[in-house]
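Right, one structure below, let's go through it.
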Amino acid sequence: MFILMCFPPQICHSESVPTPVAFSGIAEFQVKAAYLYKFISYIEWPPNTFNNADAPLTIGIRGTDEMANELTRLIATHPIDSRPVIVRKLASSDSLAGINILFVGNEHHESYGDILGAAKGLPILTVTEADDGLSHGSMINFVLINGRIRFEAAPKVAKQNNLTISARLLAVAYRIVGDAS
């Protein structure tokens, strides 16, 4: 089918670091969904984020249904050891309460500032997919480089929301804006 060095259909173990991938033969949203899923293992949330060890991690999707559906499929077939994962499709009026990762699709590019502003100061990893996503306050942004899905990161923005992006994840980022301190 397709080979993606650690991504679907074979999700790697938590020791594996995501690598840049080409998406020949599969949809771009599938590659991005796999990345989102793997990001979970490389983000440290504040201790009080989850009520207990069994509390679910929730990924909110403001974008295409395809992304939410693909994440739901990944979760069903590749559970994460540490806690259950829930995917929620978010409408513009939905609260961000209980969201741990927020993906905002490019179709909401014009609203990035407002959407990401609502997450500011909250322990929510924000992920976008536009050339200027980080300039709007996103923490991780997908970019297409030479036919490959890559990501750039803003660890300083994550720190402002009490999140830590693992150095292992930052090591494979296409670009890092700011520093991790």
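Below, the figures for the structure above:
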{"item": "Identity of the residue in the range 73-112, surrounded by 12 or more Cβ atoms within 10 Å (Cβ to Cβ) and small (Gly, Ala, Ser), that ends up farthest from Thr58 (Cα to Cα)", "result": "Ser111"}
{"item": "Long-range neighbours under 9 Å by Cβ, at least six apart or interchain, first residue closer than 22 Å to Gly121 by Cβ within the range 49-67, second part of a loop (DSSP other than H, G, I, E, B) and among the acidic types (Asp, Glu)", "result": "Gly60/Asp94; Arg62/Asp94"}
{"item": "Selected residue (criterion: nearest to Phe142 (Cα to Cα)) from residues of the range 47-82 that are in a loop (DSSP other than H, G, I, E, B) and in contact with a Ser or Thr (Cβ under 9 Å, 6 or more places away or on another chain)", "result": "Ile80"}
{"item": "Test: residue in the range 56-71 that is of a type in the set (Gly, Ala, Ser), modelled with pLDDT under 85 and surrounded by fewer than 19 Cβ atoms within 10 Å (Cβ to Cβ)", "result": "no"}
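The values are calculated or read from the model by the stated rules, or taken from the named source; none is laboratory data. None of the values given here were measured: they were computed from a predicted structure. Glycine gets a Cβ as well: all are built from the backbone with ideal geometry, and neighbour counts include every protein chain shown.
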